[in-house]
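The values are calculated or read from the model by the stated rules, or taken from the named source; none is laboratory data. Model, not experiment: these values are computed from the prediction. Note that each Cβ is placed from the backbone with ideal geometry, even for glycine, and that neighbours are counted across all protein chains shown. The accessibility values were calculated without ligands, DNA or RNA, using every heavy atom of the protein model including side chains. Shrake-Rupley method; radii C 1.70, N 1.55, O 1.52, S 1.80 Å.
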Amino acid sequence: MQSAVSRSSRFLMALLGLTLGLAALLAVEALRATRSHQVTADRALRDYATVAAWELLTASDEQLQHAAGAVLGPVVGSPAASPYDSIPSAAALARAADSLLPCGAAGDSARFVFSLDLRSGALTSRGAEPPGPLRTWLADTIAREARSLAGPTGRYATVWGPPGTGGAGRVVVYGVKAVRYNGYAVHDAPLAVYGAVSCPAGMTRLVAGVLAHHPLLPAQVAGGLPNARLVALTVSDPSGAVLLRAGPPPGEGAYAGDPAAGPGSMAVRAWLPADVAGRLVVTGPGLRLPVLLGLFVLTAALTAVAGLQVRREQELVRLRHDFTSSVSHELRTPLTQILLYGETLELGRAGGEDGRREAIGVIVQEARRLAHLVENVLHLSRAERRLVRVSPAPVAVAPLLREIVERFAPLAGGDAVRIRTELDESLVATADVDAMHQIVINLLDNAVKYGGTGPIVLRAGLNDGGVRLEVEDRGRGIPPRDRDRIWQPFVRLRSNGATPGSGIGLAVVRELVVAHGGRCLVEPGSDGGSRFVVELPGAARLPLDGGPLPPAAPAPSASSRESPWRAS
Ligand code: ADP
């Protein structure tokens, strides 16, 4: 049976090991998944930043096209019918020009509109007077760029004035008026350029306006955050001069998008700050990792606990097995004696009255030994079902202990002479008498079995308002590491292996003592050996001539069982 048990617990251990292995595998997989998620999330967050930059540029360009269309559209919107048509001068733009890239009070004085006839190269302007180099630059550059456009597209171009032309820091928005040819195929050719020149602040204002009203990321991605809290932005002109910084500071670990270039090579860079990343739909990296690792540690801990439990179960099974065989052995010895002497009596071979008395004495003594053993087993079984009950009542300790020693003497045989008592005669304790029999007999029995040949001392005295009982022998003693565990059921020390026993005597002592609200322990004896100590609460020293006994301590319920040691 034991091998079946150990087989099944080996199987259980293997299962537990497998569980742990699987948990480790899952943890590794989760780690790898988290890493790959981290890379994907990182890429996605950078892509979001890039998208935001492009979105700003595109929306700004739309806005610019719209504004330019309102100003330049009436002039350049419809193609001329003939290359010889006269074209309107810049004055035609002047009325609406204020709405295109206004600079604000400080810069508006530098703004002007212009027309450039591509046939003659004639440049006319309205508004602020353009400096000479800027006029030349406009005439050359815009004429060249306008011609290189693949025909009018209905869109307007943006150019930033280069340094050194007097146009540094200027932004030019223009459209091309075309002439339509109806030949083999209809096609348009550039005829004139109409445009507006403004300060960079005009562009900055336009971009800032877009930023204030146009969401840069779709709502389901932005998680409800406005642009101002979502993206850090830098807008710069082609020379690298920063036109606008917006949004939260990017900070450490921000996700930078690729730079985007828009109207007139205006550049935008965007970052998603790290703290914002966690709030977006693609969650920040590594958020679930601690949870997964925590779960793995928990699984490992649970497996370890289960493994320990299995080992304890195994140990218990072994102890019970030992117990069964040692109890059987313990029962067989007295039974053999009883049988032997009983048959002797039955056959009338006792050899006279003395022989009969001796035979009856042995039978009674062995029957008591049996009864004591059975009582111990019953106590243990009650203890396992938490049914141990005692009914403490005031009792004079010295007479009780002397009676117990007397009852025990026949069992101890020749060893009885070794038992010496040192008793406080006036001591009255609150104790269950039956339980006291069981406790003291178990301790004396052990002292006789394991205490060598030296004297055994039974002491009783008052200690801190309670009674302190001691049973001291001069045997081998109990090693310090075993002093706690010998009180557990079925525990027998290997050093005493040859001495018969069931391993439950001390466990019963402890259960009964605890039921009294007391405690028990073992310490080294004063002359080697061991001293088993039992302390029960509620004792007093009374005058020998009598007097009121101390009140009984309350107990759960009375034990109705009569101890075999009290039966005469
Ligand atoms: P057992 O029936 O084996 O005596 P107990 O529960 O009474 O069971 O004791 C448990 C173990 O404690 C014993 O097997 C023995 O190894 C050890 N032990 C008990 N009393 C003594 C003692 N007086 N001296 C040395 N060892 C003892």
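In nm, what is the difference between 0.36 nm times the number of residues separating Glu145 and Thr58 and their Cα-Cα distance? Each step should come with its number before you reach the end.
Numbers: separation 87, 0.36 × 87 = 31.32 nm, distance 2.16 nm.
Stretched out fully, the Glu145 to Thr58 stretch lengthens by 29.2 nm.
Over the stretch 270-365, what is the mean sequence separation of C-alpha contacts under 8 Å (at least six apart), divided by residue count, expressed as relative contact order in percent? The partial results should precede the final answer.
On the way: 22 pairs, mean separation 15.1, N = 96.
Reported relative contact order: 16 percent.
Taking 7 Å along the Cα-to-C-beta vector as the label spot, tell me the Ser526-Leu378 distance in nanometres, rounded to one decimal.
3.8
Taking amide hydrogens as modeled 1.01 Å from N in the peptide plane, which residues meet the under 5 Å criterion relative to Thr421, leaving out close sequence neighbours?
Here Leu458 satisfy the definition.
Using all Cα-Cα distances in the stretch 1-146, what percent lands in each 5 angstrom bin from 0 up to the longest?
Computed distribution, short to long bins: 2, 7, 9, 11, 11, 8, 5, 4, 4, 4, 4, 4, 3, 3, 3, 3, 3, 3, 3, 3, 2, 1, 1, 0.
How far, in degrees from 0 to 90, does helix 433-450 lean away from the longest principal axis of the Cα atoms of the chain, to the nearest 10?
Approximately 90 degrees, to the nearest ten.
Could you calculate the FRET efficiency of Arg312 with Thr499 from 1/(1 + (r/R0)^6), where r is the beta carbon distance between them and R0 is 25 Å, rounded to 0.05? Write out the running numbers ahead of the final one.
Working: r = 26 Å, r/R0 = 1.04.
After rounding, the FRET efficiency stands at 0.45.
Rounded to whole Å and sorted largest first, list the principal axis extents of the Cα atoms in the stretch 181-265.
61, 32, 23
Accessible surface of His329 in the full protein assembly, 1.4 angstrom probe, to the nearest 10 Å²?
Here the accessible area works out near 80 Å².
Looking at the chain, what % of its DSSP beta bridges pair antiparallel, to the nearest 5? Walk me through the numbers on the way to the answer.
Numbers: 67 of 74 bridges.
Among the beta bridges of the chain, antiparallel pairing accounts for roughly 90 percent.
List every residue whose amide H lies under 5 Å from the amide H of Ala80, counting only residues 5 or more places away in sequence or on a different chain, with H placed 1.01 Å from N in the peptide plane.
Under 5 Å from the amide H of Ala80: Ala178, Val179, Arg180.
Could you please state how large a percent of the accessible area of the stretch 187-310 is carbon and sulfur, counting protein chains only and using a 1.4 Å probe?
Working: 3830 of 5850 Å².
Summing carbon and sulfur atoms, their accessible area is 66 percent of the total for the stretch 187-310.
Once you keep just the Cα pairs under 8 angstrom separated by 6 or more residues, what percentage relative contact order results for the chain?
On the way: 963 pairs, mean separation 72.9, N = 568.
Answer for the chain is 13 percent.
Sequence-distant or interchain residues sharing an amide H contact under 5 Å with Gly477, placed H: which?
Result for Gly477 returns Gly529, Ser530.
Output needed for the chain: three equivalent-ellipsoid semi-axes, defined as square roots of 5 times the C-alpha gyration tensor eigenvalues, in descending order, whole Å.
Working: eigenvalues 2624, 131, 57 Å².
Semi-axis lengths for the chain are 115, 26, 17 Å.
Over the chain, average the accessible area per residue using a 1.4 Å probe and give it in Å², no decimals. The partial results should precede the final answer.
Values: 29040 Å² over 568 residues.
On a per-residue basis, 51 Å².
Rounding to the nearest 10 and keeping the result within 0 to 90°, find how far the Cα-based axis of helix 2-76 lies from the longest principal axis of the chain.
Approximately 20 degrees, to the nearest ten.
Could you derive backbone 3J(HN,Hα) for the stretch 332-337 from the dihedral phi with the Karplus parameters 6.51, -1.76 and 1.60 (θ = phi - 60°), listing whole Hz in sequence and x where the residue is Gly or Pro?
With the stated coefficients, the stretch 332-337 comes to 5, 4, x, 4, 4, 4 Hz.
Helix 505-515 sits at what angle to the longest principal axis of the chain, using alpha carbons and giving 0 to 90 degrees rounded to 10?
Value to nearest ten degrees: 70.
Which value in nm describes the separation of the simple spin-label points at Arg476 and Asp258, placed 7 Å from the Cα toward the beta carbon?
It is 8.3 nm.
Got a number for carbon plus sulfur as a percent of the stretch 22-75's accessible area, 1.4 Å probe? Mind dumping the intermediate values first?
Details: 1730 of 2800 Å².
Reported share for carbon and sulfur atoms: 62 percent.
For the residue pair Arg279 and Arg10, what label-to-label distance in nm results when each label sits 7 Å from Cα along the Cα-to-beta-carbon direction?
Going from the Arg279 label point to the Arg10 one covers 6.1 nm.
Quick one: 3J(HN,Hα) in Hz for the stretch 358-363, Karplus 6.51/-1.76/1.60 with θ = phi - 60°, rounded, Gly and Pro as x.
For the stretch 358-363, the Karplus curve yields 5, 4, 5, x, 5, 4 Hz.
From the phi of every residue in the stretch 366-375, what ³J(HN,Hα) in whole Hz does the Karplus formula 6.51 cos²θ - 1.76 cosθ + 1.60 yield, where θ is phi - 60° and glycine or proline is x?
In residue order, the calculated couplings are 5, 5, 5, 4, 4, 4, 5, 4, 4, 4 Hz.
What Cys residues in the chain are without a partner cysteine, judged by a Cβ distance under 4.7 Å?
For the chain, the answer is Cys520, because their Cβ atoms have no other cysteine Cβ under 4.7 Å.
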